[in-house]
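The values are calculated or read from the model by the stated rules, or taken from the named source; none is laboratory data. Owing to the predicted nature of the structure, the values given are computational and were not obtained by experimental measurement. Glycine also receives a Cβ, built like all others from the backbone with ideal geometry; neighbour counts cover every protein chain displayed.
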Amino acid sequence: MNPSSALDLMAAPISDGSGPGMFLRIIVIVAVVGVVFLAVVLLRGYGGGDD
């Protein structure tokens, strides 16, 4: 099984056969949340221990 067919199988229940719209929306939202989370974690690390 190649990766594109695995993605097609995962996307089928989400998009209801009307295209990849909802699946791609979910992927983009998860990516944005991940980037924000990573930025928060990295920026907290630059604070040092100045409590």
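All but one of (1) at pLDDT 65 or above; (2) of a type in the set (A, V, I, L, M); (3) exposed (fewer than 10 other Cβ atoms within 10 Å of the Cβ) hold for Met1, so report the exception by its number.
Tallying (1) at pLDDT 65 or above; (2) of a type in the set (A, V, I, L, M); (3) exposed (fewer than 10 other Cβ atoms within 10 Å of the Cβ), Met1 fails exactly one: (1).
State yes or no: is Val41 out of contact with any helix residue (DSSP H, G or I) (no Cβ under 6 Å at 6 or more places or on another chain), modelled with pLDDT of 65 or more and surrounded by 10 or more Cβ atoms within 10 Å (Cβ to Cβ)?
The answer is no for Val41.
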